[in-house]
Amino acid sequence: MKTNKEIRQVVKEKFNAVRGKLILYSFVYLIIFALIGLIPILGSLSSLLSSLCAIGYVATVVNIYNGKGENETPVSFFNHTGKLIGNYICSDLWIMLKCIVGIIIAIVGVVIMYVGGAGSMVALMTMGSSSDAGDLVGGLGLAVIIGGLLYLAGLIVFIVMAVKYGTISYEIVHDNKSGKKARELVAEAEQHLKGHVGQWVCMAIYYGLLLFLASLGAGLVCGFVGGIIGGVLNVAYAAGGIVTLLSAIVVVVLESYFLPLLTCALEELYQELMGGSVSEPTPVPQEEVQASSEESPIQ
């Protein structure tokens, strides 16, 4: 089993061979949903549509990365999404069912928070600043804190449980024609990642951190450039708009590079996990080998 460093080296070499196509297709994917977000009616659905099409995007990137991208186009993710969406949604629902404990804890925490907060406001409005109101508000404030801690604990439980199924997108993409049910794919995702959850998370964090640092640096540069342009034009309010526009463009460009790179890195790691899951042939004892070699095939 290769280390993450070794896998990243392999990814670097294979990624560079198809880098232009992957960046272009990723850029188109991001721009399409950015533009959908600007449409008044569909804007609120852009995040949902983007999430649903994410499985199609992964399929497109994986095919190109694995040398099967001759039939792919910048909008192939729509076609792949249509073929994979059933297992994608069912798998997500099945994973949520397995993480139900964390979800319930988080929901209870949210309810306690809102009840405590609303109760505090009602107490202050009806009871004024009396000592009884102070005691009641203090108790309700404590409920808000407890609810917040429960919500945080539930979220952590959910994330920890869900991480065990990190390979699910790749299970779906590679088993598209196998006829496997979502429940089987989720079970395989858990099995393939068993003992390697930390490696999977570290791989995702590595590229996520690179994207964050690159975006932060680009944001500082854009702010500096925007300030200079705003000063030259002697229009202070223009600087904010310039910085926003430049930052948005730079972030999309950076995501167009790092998003497929991360997808390819996880694909390479997935292939390693799949290779490691193949059982080794059972060794034949040396005595049996010698005995069989001494027997003559002719009686």
Restricting the search to the stretch 182-214, which residues are within 18 Å of the chain's Cα centre (by Cα) and either outside any helix (DSSP H, G or I) or of a type in the set (Ser, Thr, Tyr) (or both)?
-> His196, Tyr206, Tyr207
What helices (runs of 4 or more DSSP H), lying completely within the stretch 1-102, carry at least 1 residues that are in contact with a strand residue (DSSP E or B) (Cβ under 6 Å, 6 or more places away or on another chain) and surrounded by 12 or more Cβ atoms within 10 Å (Cβ to Cβ)?
-> none
Out of the stretch 10-45, which residues are basic (Lys, Arg) and farther than 14 Å from Asn66 by Cβ?
-> Lys12, Arg19
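Values in this text are rule-based calculations from the coordinates and carry no lab data. Bear in mind the structure is a predicted one, so any value in this text is a computation, not a measurement. Every residue, glycine among them, receives a Cβ derived from its backbone with ideal geometry; neighbour counts consider all protein chains shown.
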